[in-house]
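Every number in this text was worked out from the coordinates using simple rules, so none of it is lab data. Treat the numbers as computed from the prediction; the structure is a model and nothing was measured. As a convention, Cβ positions derive from the backbone with ideal geometry for all residues, glycine included, and neighbour counts pool all protein chains shown.
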Amino acid sequence: MVMSNICTFIEIQIKMGNMKLKQIYERYTSVFTFKGRLNREKYIPIFIGIIFFFIFNYLFIWAWLKYEDYLIPNALYTNEMLIELSGLLFFILLLAYLFLWVSIIIFFICKTVQRLHDLNSSGIWIIFRITWPIAILFLSIPAQKWEQIIIIIIVLMFELMLLLKKGTAGPNKYGE
């Protein structure tokens, strides 16, 4: 409901000639869309950037959990007002962090679907990328190691196909 109201507002502003909003709207819709194609030369830097993003986040969370006592001075725990402000600040930062994560994941899903379109494949194959971490999580509890290794090999083959396989030459059913 809110999103449709925002889109309607932006469309009205575009019709009225507000070029700045039109440029923002076009840039937003071009980044977060499943339509079109993305060749491997454009996909590889996005993939590498996403990998670095996840590595950085893993290291950040690890460092935060390991060195939390050193990051927050003990003086903050003695003043009630500072405790409340630090809690509010933490909550705001957590919301911003979650928004960033969701945005990056949606962006990566959109770009992967566009890459699949360049390979003349349906975007439904993105389900494969979304479900394999869940499969490994469930298999890691009672399963054998060979089942995990098979899933990892299949996932690596899928990723290598996305990174290395040349796209369809010329137009295909997903665009040019």
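Annotations for the structure displayed:
- Along the stretch 91-106 the Karplus relation, 6.51 cos²θ - 1.76 cosθ + 1.60 evaluated at θ = phi - 60°, assigns HN-Hα couplings of 5, 5, 5, 5, 5, 5, 5, 5, 4, 4, 4, 4, 4, 5, 5, 5 Hz to successive residues, with x for each Gly and Pro.
- Neighbour-count order for TYR67, TYR43, fewest beta carbons within 10 angstrom listed first: TYR67, TYR43
- Note that the stretch 46-56 has calculated 3J(HN,Hα) couplings of 5, 4, 5, x, 5, 4, 5, 4, 5, 5, 4 Hz, one per residue in order, obtained from phi through the Karplus relation 6.51 cos²θ - 1.76 cosθ + 1.60 (θ = phi - 60°); glycine and proline are x.
- Distant-in-sequence amide contacts of LEU119, defined by a placed amide H-H separation under 5 Å and a gap of 5 or more residues or a different chain, comprise THR168.
- Sorted ascending by nearby beta carbons within 10 Å, beginning with the fewest, SER121, SER30 become SER30, SER121.
- Of the residues VAL31, VAL155, the one with the fewest other Cβ atoms within 10 Å heads the list, and the complete ranking is VAL31, VAL155.
- A simple count of charges around ILE152, restricted to other residues whose Cβ falls under 12 Å of its Cβ and scoring Lys, Arg +1 and Asp, Glu -1, yields -1.
- Calculated FRET value between LEU160 and THR33, using beta carbons and R₀ = 30 Å, to 0.05: 0.75
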